[in-house]
Structure formats: C-alpha cells, structure tokens
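Before any comments, here is the structure.
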Amino acid sequence: MPTGEFRHPSPPPPPPGSEEEEKWVWAQIKAESRRDAEAEPALASYLYSTILSHSSLERSLSFHLGNKLCSSTLLSTLLYDLFLNIFSTDATLRSATVADLRAARFRDPACVSFTHCLLNYKGFLACQAHRVAHKLWTQSRRPLALALQSRISDVFSVDIHPAAKIGKGILFDHATGVVVGETAVIGNNVSILHHVTLGGTGKSGGDRHPKIGNGVLIGAGATILGNVKIGDGAKIGAGSVVLIDVPPRTTAVGNPARLVGGKKQPRKHEEVPGESMDHTSFISAWSDYII
C-alpha cells in the first residue's frame with residue numbers, strides 16, 4: 001500500500017453555461033493564484049491585490065481593468081465602480097466573461113492557467129472592457145462609452161467600436177492591431193488572431209461592417225470589409241482580404257479571397273474551426289494547393 005496523504009481527484013468542471021460554472025472558474029483562479037504566490041514570492045503582493053483579496057470574479061476583474069485603463073484624469077476608483085456596477089448587475093456579461101476565460105484556457109496552448117488569462121491576456125481584457133463600453137452605449141451614455149473605447153485602444157492596441165456586438169466564448173489571440181467597426185457583429189465561439197480588421201468601405205453610414213457567424217476562425221492579418229456575412233464555422237486564412245459573403249463551413253484564402261475547392265463546389269469541413277484553431281488542414285500538400 002502506498003504511504004502518504006490520500007488526495008481525492010479534483011471534481012470535473014461543470015458544463016459550460018451552467019449556474020455553477022462561474023463559481024468553479026473563480027475557485028480555480030483563487031487556487032492558481034495561491035500556488036503562484038507561493039512559487040514566486042515577488043508576485044505575492046500583486047496576486048493578493050488583484051485576485052486573492054477579492055470575494056468574486058467581477059470584483060477582481062473590475063479592480064484589474066480599473067488599474068489597467070486609468071489615467072491621470074480618469075481615476076482607477078471611478079473605473080472600478082463603473083465596471084463593478086455593470087458586471088454585478090448583468091449576469092449575461094458575467095457568463096460571457098467566464099466563457100471567454102474558458103476559450104483562452106482550452107483553445108490556446110500558451111495559456112497555462114485561468115489566472116494567466118485574467119491578468120495578462122490583453123485580448124481578453126480588451127473584450128471585457130468592450131462589453132462594458134457596449135452596455136454604456138446601449139444606455140445612451142455614449143461620451144463615456146467612446147472615452148472608454150479610446151482608453152482600450154491606447155492601452156491594449158485593440159480598437160472595438162462600443163456599438164459593435166460581440167457574443168461569448170471569444171478568443172482574441174495576441175490581439176494587437178484588431179479593429180472592429182461600429183456595425184460589426186461577432187457570434188459565439190469565434191477566434192480572431194492579431195491584426196484582423198472588420199471594417200467598412202466608403203464614407204456612407206448605415207449597416208456597413210461584417211457579420212461573423214458562430215464558430216468562425218479568422219487568421220492573422222485578415223481583412224474583411226463591408227456588410228458581408230461570414231457563415232457559421234467558416235475559416236478565413238491569414239492575410240486574406242474578404243469582400244463578399246463566405247458560405248458556412250468553407251475556407252476562404254488569398255487576396256482577393258477565394259474559396260478552397262472553388263466557388264461552385266467549395267470544400268466543406270465538419271469541425272468548428274473557431275474552437276479547433278486549425279488553420280491549415282485544407283492543405284494536404286503544396287502540389288495540391290489549388291483554389
């Protein structure tokens with residue numbers, strides 16, 4: 001018989017979207033923070049002030065965002081109160097935050113913990129701050145929403161108009177240089193790499209930005225312009241320029257983008273690329289690389 005203390009296996013995570021999910025993720029973050037503080041004493045005060053001293057995920061996140069986005073004239077205490085009031089009174093925002101944490105943790109192999117995402121992933125932080133800016137926009141508090149957008153852009157190099165609508169389970173991977181226009185819509189479980197633009201064309205107003213379906217993967221440096229629809233489960237290759245609709249579960253690559261397999265019978269895939277993060281499975285060999 002082995003000696004030593006018997007440890008019960010950790011309970012499995014609750015299913016996504018369940019009532020217990022937020023509590024489970026917060027418990028994981030607290031445990032990870034205690035472990036990291038013991039392993040690296042230089043971070044102990046930082047981890048205590050940002051995570052361990054707080055009683056909930058929304059308080060920790062509000063404190064961290066307030067400190068990240070404050071300026072000499074936009075005080076961290078003001079921002080903390082603003083973020084906390086909105087997160088604590090809107091369960092859908094908290095659910096989206098948890099879904100975004102899980103997206104980073106389980107889709108990005110470089111994400112070593114929930115704590116790492118919460119503290120260090122600027123794409124995640126920019127997205128959560130945008131959710132607050134969007135809430136302010138819908139409440140007709142537009143000057144404050146636009147001021148917050150400006151600070152998010154300055155601090156995180158992610159420029160999302162506060163009117164843009166974003167689902168949950170979003171991964172902005174690396175995130176530097178992401179631009180999302182005013183009338184853009186992003187569905188659930190979407191993964192977007194750095195230097196992606198969801199932009200408009202011309203100078204006319206109205207509905208002029210892309211609509212991204214559920215489970216879409218958009219590669220680094222891709223540009224999607226105009227009121228075009230990217231179908232559920234589609235994949236946009238890195239560096240592509242998309243100007244027309246992309247059917248569901250197809251792959252568009254190139255400049256201008258073309259469908260892999262051709263326009264009449266594009267090759268379809270079964271997986272959800274926004275979750276699998278598979279950028280290159282459509283290439284079996286360079287000799288077969290025909291669009």
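The values are calculated or read from the model by the stated rules, or taken from the named source; none is laboratory data. Just so you know, these numbers come straight off a predicted model, no measurement behind them. Cβ coordinates were reconstructed from backbone atoms using ideal geometry, including for glycine residues, and neighbour counts include every protein chain displayed. Note: areas computed on protein heavy atoms with side chains; ligands, DNA, RNA excluded. Shrake-Rupley method; radii C 1.70, N 1.55, O 1.52, S 1.80 Å.
Highest first, please rank the peptides 168-178, 206-216 by the mean number of other Cβ atoms sitting within 10 Å of their residues.
Most protected by this proxy first, the peptides run 168-178, 206-216.
Centroid-to-centroid, using Cα positions, the stretch 202-277 and the stretch 140-196 are 18 Å apart. Counting only protein heavy atoms and using a 1.4 Å probe, the accessible area of Trp24 comes to about 40 Å². Between the beta carbons of Leu144 and Ser72, assuming R0 = 30 Å, the FRET efficiency works out to 0.95 to the nearest 0.05. At q = 0.10, 0.12, 0.13, 0.15 Å⁻¹, what log₁₀ I(q)/I(0) does the chain have when each alpha carbon counts as one equal point scatterer in the Debye sum? Normalising to I(0) and taking log10 leaves -0.57, -0.79, -0.90, -1.13.
Within the straight-line cut-off of under 16 Å between alpha carbons, the aspartates and glutamates reachable from Lys135 are Glu58, Asp81, Asp90, Glu182, sequence neighbours fewer than 8 places apart in one chain being disregarded.
From Cα pairs below 8 angstrom and at least 6 apart in sequence, can you work out the relative contact order of the chain, rounded to a whole percent? Working shown, then result.
Details: 579 pairs, mean separation 27.2, N = 291.
It rounds to 9 percent for the chain.
The residue among Leu65, Trp24, Val155 whose Cα reaches farthest toward the positive pole of the charge dipole of the chain, with charges on the beta-carbon of Lys, Arg, Asp and Glu, is Val155.
Taking the helices alone, the chain has a mean residue ellipticity at 222 nm of -12000 deg cm²/dmol, built from -39,500 (n - 2.57) per DSSP H run of at least 4 residues and averaged over all its residues.
Normalised by 2.2 N^0.38 Å, with N the number of residues, the alpha-carbon radius of gyration of the stretch 20-127 equals 1.03.
If only the Cβ of Lys and Arg carry +1 and only the Cβ of Asp and Glu carry -1, the dipole of the chain around its Cα centre is close to 820 debye. Cα extents for the stretch 188-282 along the principal axes, largest to smallest and rounded to whole angstrom: 38, 28, 20.
Per-residue 3J(HN,Hα) values for the stretch 204-219, derived from phi via the Karplus relation 6.51 cos²θ - 1.76 cosθ + 1.60 with θ = phi - 60°, read 7, x, x, 6, 10, 10, x, 10, 9, x, 6, x, 7, 10, 10, x Hz in sequence order (x marks Gly and Pro).
Highest mean first, what order results for 229-235, 159-165 on Cβ atoms within 10 Å?
Numbers: 229-235: 23.0, 159-165: 20.1.
Most protected by this proxy first, the peptides run 229-235, 159-165.
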